[in-house]
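A quick write-up on the structure given underneath.
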Amino acid sequence: TYIILEYCDDGSLTDLLDSYEKISTNLVKKFTFQILKGLEYLHIHNIMHLDIKSDNILINGAGDIKLADFGLAKVLSSVSDIKISGLIGTRRFMAPEVINDQTISRFSDIWSLGCTVFHMAEGKKPWSNYHEDENIIKAIRNEQEFPDIPEHFNEELKDFLKKCLFYTSLTPKNKC
């Protein structure tokens, strides 16, 4: 199987954030919309990316987003959720159900999207106050502890992040 990607000469979203720290609200909106369109396409085709993060989002010369690195992606045989054993992905961007070795779903990608949006808007990765993977895992596993949403974020951004990151505390067994 081959995956062909167009050349993305502007590098990754991480490269952009390393250069500019934070990006404008309008650019966060634009990139988030494009990431969501990519996830929508994958999810319609029963594919979960499972490693959405700033490193895996490329920017082409036109300033458009491309999802990359499908090494952890899973194709579902149906629209049902699946269980995967072992931690997969990057700890700071992993959904609680992945860390807790529970059934995962498309919402696991949405959690990671929320972490990515947080990174774009704040210029720091979620749980940047933790330096060890073990502490990050404990924080996420605790499902009561989420990345602190900064007060300076506008209400629209706060609401979006809450919808991405807090669904696990609002619904039984991590289902929406």
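Quick notes on this structure:
- Listed by first and then second residue, the pairs with beta-carbon distance under 6 Å, at least 6 apart or on different chains, first residue in region 121-138 and within 23 Å of Glu21 (Cα to Cα) and in contact (Cβ under 8 Å) with a residue 12 or more places away in the chain, second assigned to a loop (DSSP other than H, G, I, E, B) and of a type in the set (Lys, Arg), are Gly123/Lys22.
- Qualifying residue in region 72-84 (condition: within 14 Å of the chain's Cα centre (by Cα) and either modelled with pLDDT of 85 or more or aromatic (Phe, Trp, Tyr) (or both)): yes
- Given (1) at positive phi; (2) modelled with pLDDT of 95 or more, number of the condition Leu50 does not satisfy: (2)
- Pick from region 44-59, criterion assigned to a loop (DSSP other than H, G, I, E, B) and open to solvent by less than 70 Å² (accessible area, probe 1.4 Å), ranking: farthest from Ser105 (Cα to Cα): Lys53
- Those residues of region 106-153 which are open to solvent by 10 Å² or more (accessible area, probe 1.4 Å) and of a type in the set (Val, Ile, Thr), in sequence order: Ile110, Ile137, Ile149
- Residue that is modelled with the lowest pLDDT, among those in region 1-43 that are outside any helix (DSSP H, G or I) and open to solvent by less than 30 Å² (accessible area, probe 1.4 Å): Cys8
- Within region 44-68, tally of residues that are more than 13 Å from the chain's Cα centre (by Cα) and either touching a residue at least 12 places away in the same chain (Cβ under 8 Å) or more than 16 Å from Phe33 (Cβ to Cβ) (or both): 12
- Residue in region 147-164 that is at pLDDT below 85 and β-branched (Val, Ile, Thr) present: yes
The values are calculated or read from the model by the stated rules, or taken from the named source; none is laboratory data. Note that the structure is a prediction, hence the values are computed from the model and not measured. Using ideal geometry, Cβ is built from the backbone for each residue, glycine included, and neighbour counts are taken over all protein chains shown. Each accessible area value is taken on the protein alone, full model and side chains, heavy atoms only, with ligands, DNA and RNA left out. Shrake-Rupley method; radii C 1.70, N 1.55, O 1.52, S 1.80 Å.
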